[in-house]
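Notes follow once the structure below has been shown.
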Amino acid sequence: MLSNVTPTFLGAESATDPTLVRTAYAFLGIPFGPPYEGWEYAAASKAPDVLREVTQARAYTRFINHWNFDIGEPQYEDGRPDITDLGNVAGDVRRPETILGEAVKVLSPLVRNGVVPLVMGGLDSVPPMVVAAFEGVEDINILHVDAHIDFRDEIYGRRDGYSSPIRRIREFSFVHDIVQVGARSIGSARREEVEAAIAMGNRIVTAWQVHEEGAHTVAATLDPIRRWVIVIDCDGMDPTVAPAVGAAEPGGLSFVQTATLLRHLARNNLVAGVVFTEFQPAKDINDLTALAIIRLLLNVVGLQRQPARLA
Ligand SMILES: [Mn+2]
């Protein structure tokens, strides 16, 4: 069930039928990922709508035909974002295990038609919903930016909670490389999760490694053949960049380091999808977190040369 929204992301056209999208990109909110306890729903569920509002409140929407110095040309010279806003997949929050199916129903037609989904969660339990849509369509890699590796098999009996998304994604046979960037400090992972992730082929690039070796060095190691779904838990970025998170952890990726990874993939036409999670708008400061997300998305859609408009 999709709801129409006003305002839309960047003033994009809105639609509720994913099979009719003819733009290169589609923006979609998935406000509710399975929580461990019901109250946790509230923290990030406003994220998609707040992100839309911030694109309008700032000059981005009004100046959408202006020069973007990040990409070296006007963002959309004709004033029309090559994006359709599909609204939000709410799902039945009383039955969180059903939301994945609802999300895949919307995302599958996009992926099958070559439309790149830009998804705003929701808790960090949302990413497997986005990745599941690629089943039977395309083999992909995962770039995961997060302070945590999210590799718990279960917590409180839940296997689809926000500490397990990368474990679930690892189980998809069509997922190849998983590169996890930004891990630091103490989180949900114990020895067994770190060892399991590595044994199952994941590559963990700690935040320290990014700071010491540089984001360009990390970007250069990414597979240049298969496309990537980019999964960003906002707490992967430094709290000075993205303060509006539930688990703020100093020492994270800077805006430039995060953008360097995304810009590398976008310039090489390797972005198959993007999903941001764990943005908790009530904790934001001067819209900083929303602006970081929006600008990273503007970089991706501005640098990736999609085929011309699909229609
Ligand atoms: Mn995290």
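The values are calculated or read from the model by the stated rules, or taken from the named source; none is laboratory data. The shown structure was predicted, so the numbers you read here are calculated from the model rather than taken from an experiment. Neighbour counts run over all protein chains shown; Cβ positions are idealised from the backbone, glycine included.
In table form, for the structure just shown:
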quantity: Failed item in (1) surrounded by fewer than 22 Cβ atoms within 10 Å (Cβ to Cβ); (2) of a type in the set (Asp, Glu); (3) within 26 Å of THR6 (Cβ to Cβ), with ASP85 passing the rest; calculated: (1)
quantity: Criterion (assigned to a loop (DSSP other than H, G, I, E, B) and in contact (Cβ under 8 Å) with a residue 12 or more places away in the chain) met by exactly one of HIS144, HIS148; calculated: HIS148
quantity: Sole exception among (1) over 28 Å from GLY157 (Cβ atoms); (2) in contact (Cβ under 8 Å) with a residue 60 or more places away in the chain; (3) surrounded by fewer than 17 Cβ atoms within 10 Å (Cβ to Cβ) for PHE9, by number; calculated: (3)
quantity: Conditions (1) under 20 Å from the mean Cα position of the chain (by Cα); (2) under 21 Å from LEU107 (Cβ atoms); (3) modelled with pLDDT under 95; (4) not basic (Lys, Arg): number failed by ALA43; calculated: (2)
quantity: Test: PRO165 is without any contact (Cβ under 8 Å) to a residue 60 or more places away in the chain, closer than 18 Å to ILE232 by Cβ and within 16 Å of the ligand (Cβ to nearest atom); calculated: no
quantity: Residue ID - nearest to the ligand (Cβ to nearest atom), chosen from residues in the stretch 118-129 that are within 21 Å of MET200 (Cα to Cα) and either free of Cβ contacts under 8 Å to residues at least 60 places away in the same chain or outside any loop (DSSP other than H, G, I, E, B) (or both); calculated: PRO127
quantity: Some residue of the stretch 57-75 being touching a residue at least 12 places away in the same chain (Cβ under 8 Å), farther than 21 Å from ILE293 by Cβ and touching a helix residue (DSSP H, G or I) at 6+ places or on another chain (Cβ under 9 Å); calculated: yes
